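Enquirer: Pasting a structure here, questions to come.
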Amino acid sequence: MKKDFISIADLSQKEALEVLNLALSIKSKNKRRLKFQPLKGKILAMIFEKPSTRTRVSFEVGMLKLGGNAIFLSDKELQLKRGETIVDTARTLSQYVDGIVIRANRHKDIIELSTHSDLPVINGLSDLEHPCQVLSDVFTVIEKKSEIKNKKITLDNFKNIKITYIGDGDNIANSLLLASAIFGMQLTICTPKGYEPDREITVKSKNIAEQTGAVIELSNNPLTSVKDSDVLYTDVWVSMGKETEYETRLKIFQPYQVNQKLLNMAKKNLIVMHCLPAHRGEEITSEVLDGPNSVVFDQVKNRLYVQQAILTYLFR
Ligand code: CP
Ligand code: NVA
């Protein structure tokens, strides 16, 4: 049966660990300049309804490095733009390629595409989740905040890691909730009132947390949660598709900026994360983004290895 990666929750704890360990081995092979080409002859279609730098390039390069090929399909050039349905698009693509990455305006369109296609479907960002980004970020957290023994990531690596996310309860916050729940981490999502993460995902994450020992909290106070955190994560205040709310959001989110003053209240060795692109001077200052605590370009780099692992895992 085909397997998708549309939500972080599409992977069980065991499967997610398997993907992270595959990423570890791909990264190590890459360092040693060893080829790893399990996807020779496979072709990935990449449908993008929104702009992208990192996701697009890392999937395309990742696929080529795995021995396969990728075709970038902007929605503006597909018949989708002229009203062809997602279902007919999915059926058509299923005749030609081996898998689909899609960045979509509506999460439900990705589900629909998957329902009508025999191929593995990967969510390259939707309004609800950004699972590839967050799984890759978990990998970065482990690399930076835990000791990987015997070249293997285990559940022990996640123990006692505390993450604070400050900002909008958006797609990144939603995927972080599910990932922290699955791996048993401690996560506080700190947003202004009314901008909390998706309610259904929050409930689901808290339910998973009961099994895994994760600690999930929502807060509106940026100062209290950051004090004993190991990781501080933020994202833009105005996600793609929310541009009309720009002025209002800028005012409401001001107290949630990640700046040096906030960092002065945190542990010295705290790492600062951002999925990028950043709006410097809004959710994060340049001083912090370019400062010694920032690991944002490690995050960028790891997208390549974790997505190669996801592709290898789903295309098996
Ligand atoms: N972080 C991320 O997904 O970046 P892009 O929008 O450039 O793909
Ligand atoms: N929350 C942001 C993430 C961009 C990678 C957005 O959806 O625009």
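Enquirer: What number of residues within the stretch 107-141 are within 15 Å of the chain's Cα centre (by Cα), assigned to a helix (DSSP H, G or I) and not polar (S, T, N, Q)?
Expert: Residues that pass the stated criteria total 9.
Enquirer: Whether any residue in the stretch 58-73 is within 16 Å of ligand 2 (Cβ to nearest atom) and among the hydroxyl-bearing types (Ser, Thr, Tyr) is what I want to check.
Expert: Yes, the stretch 58-73 contains at least one residue that is within 16 Å of ligand 2 (Cβ to nearest atom) and among the hydroxyl-bearing types (Ser, Thr, Tyr).
Enquirer: Scan the stretch 260-275 residue by residue and report those that are open to solvent by less than 20 Å² (accessible area, probe 1.4 Å) and assigned to a loop (DSSP other than H, G, I, E, B).
Expert: ALA266, LEU270, CYS275, listed by residue number.
Enquirer: For residues that are in contact with a Ser or Thr (Cβ under 8 Å, 6 or more places away or on another chain) and under 22 Å from LEU22 (Cα atoms), tally how many sit in the stretch 265-299.
Expert: 3
For (1) touching a helix residue (DSSP H, G or I) at 6+ places or on another chain (Cβ under 7 Å); (2) in contact (Cβ under 8 Å) with a residue 12 or more places away in the chain; (3) more than 18 Å from LEU176 (Cα to Cα), each residue gets a yes or a no:
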| site | (1), (2), (3) |
| --- | --- |
| GLY62 | yes, yes, yes |
| ALA104 | yes, yes, yes |
| ASP109 | yes, yes, yes |
| SER114 | no, yes, yes |
| LYS151 | yes, yes, yes |
| TYR165 | yes, yes, no |
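Enquirer: With the stretch 23-106 as the region, which strands (runs of 3 or more DSSP E) entirely inside it contain at least 1 residues that are away from ligand 1 (no atom under 14 Å from the Cβ), closer than 21 Å to SER7 by Cβ and among the hydrophobic types (A, V, I, L, M, F, W, C)?
Expert: Per the criteria, 43-48, 99-103.
Enquirer: Another one. Does the stretch 290-306 include one or more residues that are over 18 Å from MET185 (Cβ atoms), touching an Asp or Glu at 6+ places or on another chain (Cβ under 7 Å) and open to solvent by less than 20 Å² (accessible area, probe 1.4 Å)?
Expert: No: zero hits.
Enquirer: Suppose we keep only residues that are within 26 Å of ALA90 (Cα to Cα) and open to solvent by less than 10 Å² (accessible area, probe 1.4 Å) within the stretch 20-47. Which one would you say is farthest from ligand 2 (Cβ to nearest atom)?
Expert: LEU39
Enquirer: Please note which strands (runs of 3 or more DSSP E) are completely contained in the stretch 162-254 and include at least 2 residues that are crowded, with 22+ Cβ neighbours inside 10 Å.
Expert: 162-166, 186-190, 231-234
Residue-wise test of (1) in contact with a strand residue (DSSP E or B) (Cβ under 8 Å, 6 or more places away or on another chain); (2) basic (Lys, Arg); (3) closer than 19 Å to ASP137 by Cβ.
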{"position": "ASP228", "(1), (2), (3)": "yes, no, no"}
{"position": "THR234", "(1), (2), (3)": "yes, no, yes"}
{"position": "VAL238", "(1), (2), (3)": "no, no, no"}
{"position": "GLY241", "(1), (2), (3)": "no, no, no"}
{"position": "LEU250", "(1), (2), (3)": "no, no, no"}
{"position": "GLN257", "(1), (2), (3)": "yes, no, no"}
{"position": "SER286", "(1), (2), (3)": "yes, no, no"}
{"position": "ASN293", "(1), (2), (3)": "yes, no, yes"}
{"position": "GLN299", "(1), (2), (3)": "yes, no, yes"}
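Enquirer: Continuing with the same structure: I'm told GLU287 meets every condition in (1) open to solvent by 70 Å² or more (accessible area, probe 1.4 Å); (2) without any contact (Cβ under 8 Å) to a residue 12 or more places away in the chain; (3) over 23 Å from LEU64 (Cα atoms); (4) outside any loop (DSSP other than H, G, I, E, B) except one. Can you identify the failing condition by its number?
Expert: (2)
Enquirer: Look at VAL121 and say whether it is open to solvent by 20 Å² or more (accessible area, probe 1.4 Å), modelled with pLDDT of 95 or more and either within 16 Å of ligand 1 (Cβ to nearest atom) or over 19 Å from TRP237 (Cβ atoms) (or both).
Expert: no
The values are calculated or read from the model by the stated rules, or taken from the named source; none is laboratory data. Bear in mind that the values here come from a model prediction, so they are computed numbers and not experimental data. FYI the Cβ positions are ideal-geometry reconstructions off the backbone, even for glycines, and counts take in every protein chain you see. Side chains included, ligands, DNA and RNA excluded: accessible areas come from the protein's heavy atoms. Shrake-Rupley method; radii C 1.70, N 1.55, O 1.52, S 1.80 Å.
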